1. Leu152: open to solvent by 40 Å² or more (accessible area, probe 1.4 Å) and either in contact with a helix residue (DSSP H, G or I) (Cβ under 7 Å, 6 or more places away or on another chain) or not charged (D, E, K, R) (or both), yes or no?
2. Return yes or no: is Val144 open to solvent by less than 50 Å² (accessible area, probe 1.4 Å), farther than 17 Å from Ile195 by Cα, touching a helix residue (DSSP H, G or I) at 6+ places or on another chain (Cβ under 6 Å) and of a type in the set (A, V, I, L, M)?
3. Could you give every pair whose Cβ atoms fall below 7 Å, whose first residue belongs to the stretch 116-134 and is on the phi > 0 side of the Ramachandran plot, and whose second residue is of a type in the set (A, V, I, L, M) and open to solvent by 10 Å² or more (accessible area, probe 1.4 Å), counting only separations of at least 6 or pairs across chains?
4. In this structure, does His276 turn out to be at pLDDT below 90 and open to solvent by less than 40 Å² (accessible area, probe 1.4 Å)?
5. If I go through the stretch 218-235 residue by residue, how many of them are under 19 Å from Gly261 (Cα atoms) and open to solvent by less than 60 Å² (accessible area, probe 1.4 Å)?
Amino acid sequence: MQIPPFVTTTLLLLLLWTLAVPGNAELPAGHPPTSSEGASCPFHTEAEAEAEAKADSPPLPPLSPQTREEVAELSLEDLSASPLVTLEELEAHHKNAEAPYLAVLGVVFDVSKGKAFYGGKGAYSFLTGTDSTLALIQETTVPVEMLTAEKLGGIYNWMTLFERKYDIVGRLVDSPYFDVEGNPTKTRVNALAGIDVARGIQNEQEREKAKLKEALAVELANFPFCRIGQGREEGETKFSCTLSQGLSRHDAHPGLPRLRGGTSCVCIPKERVPSHRSAVAVPGCDEDATTCYMKLER
């Protein structure tokens, strides 16, 4: 039986087309998914489609040839060797149940170790898949360059927290903080300069707090002890800081009775009481009383 010429031609064209287009060829943008992609396959059940829709986003392929160990060794001090991450790559890790990423000042962190908080429906998952610099300090409209020292200090605290707990993935390129080649932008440089100033202010404040705490401890240790005597009833102790008859002003201890370290009572001048919160009023005694009574447990 002789095959008609047009049939032979059609079969030949189909064969050539099959050989020329591999099964995994990239489709042009906007092309509907093929059956191999699962979306519009006639044998793809509704249940399977729903399961795929609910499935967590898979982790991205490695962003560079660097090994995981090399990436883990990256630090905020030197990011020049870190991989470049695009916004599209970062967005793929938004609320990712297994590999959530977020960025601070353009530095991308893998927060998978805290996926209970950052992954899936975690309380902080809204911070992932984007640069969350301003969101972390609850700012939305103020540019980084206009932030106060306190806010910049907050950013620094977050950055050091993430560096201590999580791995650095790389630099978010074509962003406010790194250009397309991964070089720091003026915004990032200015922000880091502001953070240095903020750190200096924070350190000075901490030093002042430490000095004040030390001075208060010395002062508290040098306050005179209350005069102790028999209370109004059996088992009761009297703590007094009054100027009693028969005592010279040198021997008297004007002030308010305050307990230091349990049952040790010292007389603190009324104006100094607010500075010594660790020294508490005698239980059951008026705040401004100069004489107090307390039953001590034996």
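1. Values: open to solvent by 40 Å² or more (accessible area, probe 1.4 Å): no; either in contact with a helix residue (DSSP H, G or I) (Cβ under 7 Å, 6 or more places away or on another chain) or not charged (D, E, K, R) (or both): yes.
Answer is no for this residue.
2. Details: open to solvent by less than 50 Å² (accessible area, probe 1.4 Å): yes; farther than 17 Å from Ile195 by Cα: no; touching a helix residue (DSSP H, G or I) at 6+ places or on another chain (Cβ under 6 Å): yes; of a type in the set (A, V, I, L, M): yes.
Spelling it out, it is not the case that Val144 is open to solvent by less than 50 Å² (accessible area, probe 1.4 Å), farther than 17 Å from Ile195 by Cα, touching a helix residue (DSSP H, G or I) at 6+ places or on another chain (Cβ under 6 Å) and of a type in the set (A, V, I, L, M).
3. Taking only residues 6 or more apart or on different chains, the pairs are Gly120/Ala97.
4. Numbers: at pLDDT below 90: yes; open to solvent by less than 40 Å² (accessible area, probe 1.4 Å): yes.
Judged against the criteria, His276 is a match.
5. Applying the first criterion (under 19 Å from Gly261 (Cα atoms)) to the stretch 218-235 yields 218-228.
Checking the rest, the ones that are also open to solvent by less than 60 Å² (accessible area, probe 1.4 Å) come to 219-220, 223-224, 226-227.
Counting residues in the stretch 218-235 that are under 19 Å from Gly261 (Cα atoms) and open to solvent by less than 60 Å² (accessible area, probe 1.4 Å) gives 6.
The values are calculated or read from the model by the stated rules, or taken from the named source; none is laboratory data. Nothing here was measured: the structure is a model prediction, and the numbers come from that model. Cβ sites come from the backbone with ideal geometry, for glycine too, and all protein chains shown count toward neighbours. Surface accessibility is based on the protein's heavy atoms, side chains included, excluding ligands, DNA and RNA. Shrake-Rupley method; radii C 1.70, N 1.55, O 1.52, S 1.80 Å.
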